[in-house]
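Comments concern the structure below.
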Amino acid sequence: MVIKQFEDKNLAHYSYAIVSKGEMALIDPARNPQPYYDFAKQHNAKITAIIETHPHADFVSSHLEIHYTTNATIYVSKLLGAEYPHQTFDEGNALVLGNITLKALNTPGHSPDSISIVALDQNGIEKAAFTGDTLFIGDCGRPDLREQAGAITAERAELAKQMFHSLHNKLMILPDDVLVYPAHGAGSLCGKGLSESKSSTIGAEKISNWSLKNLSEEEFIKELLADQPFIPKYFSFDVAVNRKGAEAYAISILKVPQREQISSADSANSLNPDVIIIDTRPKDQFKKAYLKNAINLMNDTKFETWLGSIVKPEESFYLVAENEAILKELIERTAKIGYEKQILMAFTLDFGNASMEFLDSEELKRNQDAYTIIDIRNDSEVKNNKIFLNAIHIPLHELRERTNEIPLGKPIVVHCAGGYRSAAGSSIIKSKLNSSPQVFDLSEAVKQFQK
């Protein structure tokens, strides 16, 4: 048995290929199927099975495309309500792959339809567990994403209760030496405290993972529900896309409209003024010259997450990059969350009809009361460390909808924890307020004010 873990660092997503005697199964494949085809070719294997542990909220899966390309069977829980060709795969079901066996465990908690997959070797010995978003390394899946999404919805408290029993009655009873392979790692919003480690064992998790500690059901539920991170706008949208099955990755990307560089007022005027512009250029370049109605969401490791947190599902937008190579990459990354069809036009830019002044941080130090300070960090960050006592807190993912709460009598300074989000936040406010008052991005200078 050969197990290959594929990692998408930007989405903190792990997918898997399992090979045995020329047959290959995939678990929770990412949007781009090509790496799996390459791996199958490398091992002279045929992809015969695709298993979805649940309908994912944070990325679009390629399960349906791989099915049509390879004729592999898609296996999912009957509770998922899949709208594509599939075979149900629930507790009591197993499939043979070469000389190994993959068996299903129903492990609800993150979602009502979650399953985990246990791999048994040719002697019937349990060797590995692919735990999806149920058991992570150092944490377990959040239970609050399926209250309004999926074929089956469930209240977070009920799912938290189910999670307790899935962990303690299904996964913890596996042998201590069974390898644990989760669907996500540190940085994912599908949990709140995931480890940097990419795999573990059941025994190691019993020692180090809070969710497997000796807590009562009531204590576990209380802890699990506390301080979960925000839910990006695109999560429920991706659940629906994955239940239906996405269009082929390469075909969908080719459909994205592109045009040559915008380098003049005439070409800029051809854009729809009611459509937002996602400008991914570096912030210093953006501030010198950008198009009105633009949001500076820079090309960074968290681009997909913040795109899907700021832009609503099915909302059209323009996509801007500093060159064609980066533009191509960002279209592909946009497709990972299923937003490629929302790109009204993608182009590079060498023109601007607006600019943003740079802030004198020394002046802010001398007279903080002369500014309205907007803190766009997440709730948990502000709870643990308020940088400016009089700052107004509006998290970035809510900012477009809440700019009317910002007083307009003073210049506005926007800050986050390190400078990436404040570039987006200040440009959002600037696009909403137009010319008055002044809007500044505190950027990396925020570190001068942190204790």
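The values are calculated or read from the model by the stated rules, or taken from the named source; none is laboratory data. Remember, it's a predicted structure, so these values are computed and weren't measured experimentally. As a convention, Cβ positions derive from the backbone with ideal geometry for all residues, glycine included, and neighbour counts pool all protein chains shown. All accessible areas refer to the heavy atoms of the entire protein, side chains included, with ligands and DNA or RNA removed. Shrake-Rupley method; radii C 1.70, N 1.55, O 1.52, S 1.80 Å.
Looking across segment 334-359, the residues that are open to solvent by 60 Å² or more (accessible area, probe 1.4 Å) and either of a type in the set (Lys, Arg) or within 24 Å of the chain's Cα centre (by Cα) (or both) come down to 341, 344. Picking from residues in segment 82-103 that are touching a residue at least 40 places away in the same chain (Cβ under 8 Å) and of a type in the set (A, V, I, L, M), the one that is nearest to residue 211 (Cα to Cα) is 102. Within segment 360-380, the set of residues being open to solvent by 40 Å² or more (accessible area, probe 1.4 Å) and under 35 Å from the mean Cα position of the chain (by Cα) comprises 360, 379, 380.
When the strands (runs of 3 or more DSSP E) confined to segment 364-451 are screened for residues that are at pLDDT 90 or above and aromatic (Phe, Trp, Tyr), those reaching at least 1 such residues are found at 439-441.
Of the residues making up segment 55-94, those that are open to solvent by less than 70 Å² (accessible area, probe 1.4 Å) and on the phi > 0 side of the Ramachandran plot number 1. Suppose the filter is outside any loop (DSSP other than H, G, I, E, B), small (Gly, Ala, Ser), surrounded by 15 or more Cβ atoms within 10 Å (Cβ to Cβ) and over 25 Å from the mean Cα position of the chain (by Cα); does residue 204 pass it? Here the answer is yes, as residue 204 does meet what is asked.
Can residue 156 be described as at pLDDT below 95, open to solvent by less than 10 Å² (accessible area, probe 1.4 Å) and either in contact with a Phe, Trp or Tyr (Cβ under 7 Å, 6 or more places away or on another chain) or farther than 16 Å from residue 18 by Cβ (or both)?
Working: at pLDDT below 95: yes; open to solvent by less than 10 Å² (accessible area, probe 1.4 Å): no; either in contact with a Phe, Trp or Tyr (Cβ under 7 Å, 6 or more places away or on another chain) or farther than 16 Å from residue 18 by Cβ (or both): yes.
Spelling it out, it is not the case that residue 156 is at pLDDT below 95, open to solvent by less than 10 Å² (accessible area, probe 1.4 Å) and either in contact with a Phe, Trp or Tyr (Cβ under 7 Å, 6 or more places away or on another chain) or farther than 16 Å from residue 18 by Cβ (or both).
The listed residues are 244, 213, and the only one of them that is surrounded by fewer than 16 Cβ atoms within 10 Å (Cβ to Cβ), in contact (Cβ under 8 Å) with a residue 12 or more places away in the chain and not polar (S, T, N, Q) turns out to be 244. Of all residues in segment 99-130, count the ones that are more than 17 Å from residue 3 (Cα to Cα), open to solvent by less than 10 Å² (accessible area, probe 1.4 Å) and of a type in the set (S, T, N, Q). Result for segment 99-130: 3.
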